[in-house]
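**Q** Questions regarding the structure given below will be posed in turn.
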Amino acid sequence: MTNINIKVVAKEGSKLPLYKTSGAAGADICALLEKPLVIESGKSAMVPTGLFFEIPEGYEVQIRPRSGLAAKNGVTVLNTPGTIDSDYRGEINVILINLGDKPFTVNNGDRIAQMLVAPVIQAEFSVVTSLDETERGAGGFGSTGV
């Protein structure tokens with residue numbers, strides 16, 4: 001396992017990301033709210049964390065749903081995975097959507113998502129007149145079976 005250092009500015013009352021087990025790939029991130037936030041069924045909301053990251057160049061942070069929130073409440077991260085680039089310095093916010101059938105309340109300090117740190121590889125794009133043939137060809141969206 002490779003460790004990197006991410007510098008964090010944390011507003012008063014915010015919680016640093018936390019890996020709950022030694023084998024966890026994702027660190028839980030928590031809401032920083034002055035008052036509870038109710039997300040109605042079918043609606044989304046931007047939830048602040050009070051955290052600002054300095055991510056090393058060559059890495060990104062991905063924001064992903066917590067499986068427990070999704071399974072128990074139908075609440076997930078809307079733009080999954082959300083990407084935080086190494087040159088972003090604003091507050092980390094999480095866009096939650098309530099796909100459940102009843103309102104969901106987010107309280108201050110609730111674990112709302114998880115973050116993964118991943119290396120970034122940028123591609124070079126070359127314009128060509130044709131592509132190599134494959135067995136699959138242009139088939140997509142279920143073309144290889146159920």
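The values are calculated or read from the model by the stated rules, or taken from the named source; none is laboratory data. All values reported here derive from a predicted model rather than from experimental measurement. Glycine gets a Cβ as well: all are built from the backbone with ideal geometry, and neighbour counts include every protein chain shown. Surface areas here come from the heavy atoms of the whole protein model, side chains and all, with no ligands, DNA or RNA. Shrake-Rupley method; radii C 1.70, N 1.55, O 1.52, S 1.80 Å.
**Q** If I filter the range 36-51 down to residues being without any contact (Cβ under 8 Å) to a residue 60 or more places away in the chain and assigned to a loop (DSSP other than H, G, I, E, B), which single residue comes out as surrounded by the most Cβ atoms within 10 Å (Cβ to Cβ)?
**A** Per the stated criteria, the residue is K43.
**Q** So which pairs qualify, if the first residue must be in the range 1-19 and at negative phi, the second must be part of a loop (DSSP other than H, G, I, E, B) and surrounded by 10 or more Cβ atoms within 10 Å (Cβ to Cβ), the Cβ gap must be under 7 Å, and the two must be at least 6 apart or on different chains?
**A** These pairs meet every condition: I4/P56; I6/I55; V8/L16; A10/L16; K11/L32; S14/L32; K15/G109.
**Q** Related question: May I ask you to verify whether T134 is among the hydroxyl-bearing types (S, T, Y) and part of a strand (DSSP E or B)?
**A** Spelling it out, it is not the case that T134 is among the hydroxyl-bearing types (S, T, Y) and part of a strand (DSSP E or B).
**Q** Looking only at the range 82-131, how many residues end up being of a type in the set (D, E) and either part of a strand (DSSP E or B) or in contact with a helix residue (DSSP H, G or I) (Cβ under 6 Å, 6 or more places away or on another chain) (or both)?
**A** 1
Listed here are the residues, each with its yes/no results for (1) open to solvent by less than 40 Å² (accessible area, probe 1.4 Å); (2) modelled with pLDDT of 95 or more; (3) polar (S, T, N, Q).
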{"residue": "L78", "(1), (2), (3)": "no, yes, no"}
{"residue": "Y88", "(1), (2), (3)": "no, yes, no"}
{"residue": "I97", "(1), (2), (3)": "yes, yes, no"}
{"residue": "D101", "(1), (2), (3)": "no, yes, no"}
{"residue": "V106", "(1), (2), (3)": "yes, yes, no"}
{"residue": "Q114", "(1), (2), (3)": "no, yes, yes"}
{"residue": "V120", "(1), (2), (3)": "no, yes, no"}
{"residue": "A123", "(1), (2), (3)": "no, yes, no"}
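**Q** Of the residues that make up the range 57-65, is at least one within 17 Å of C30 (Cβ to Cβ), assigned to a loop (DSSP other than H, G, I, E, B) and at pLDDT 95 or above?
**A** Yes, the range 57-65 contains at least one residue that is within 17 Å of C30 (Cβ to Cβ), assigned to a loop (DSSP other than H, G, I, E, B) and at pLDDT 95 or above.
**Q** Exactly one of these conditions fails for G68: (1) of a type outside the set (D, E); (2) surrounded by fewer than 15 Cβ atoms within 10 Å (Cβ to Cβ); (3) within 25 Å of N3 (Cβ to Cβ). Give me its number.
**A** (3)
**Q** Working only within the range 23-35, note down all residues that are within 30 Å of Q122 (Cα to Cα) and open to solvent by 40 Å² or more (accessible area, probe 1.4 Å).
**A** Residues satisfying the conditions are G23, A25.
**Q** Take the conditions closer than 21 Å to P36 by Cβ, open to solvent by 90 Å² or more (accessible area, probe 1.4 Å) and in contact (Cβ under 8 Å) with a residue 60 or more places away in the chain and apply them to D110. Does it pass?
**A** Against the criterion (closer than 21 Å to P36 by Cβ, open to solvent by 90 Å² or more (accessible area, probe 1.4 Å) and in contact (Cβ under 8 Å) with a residue 60 or more places away in the chain), D110 does not qualify.
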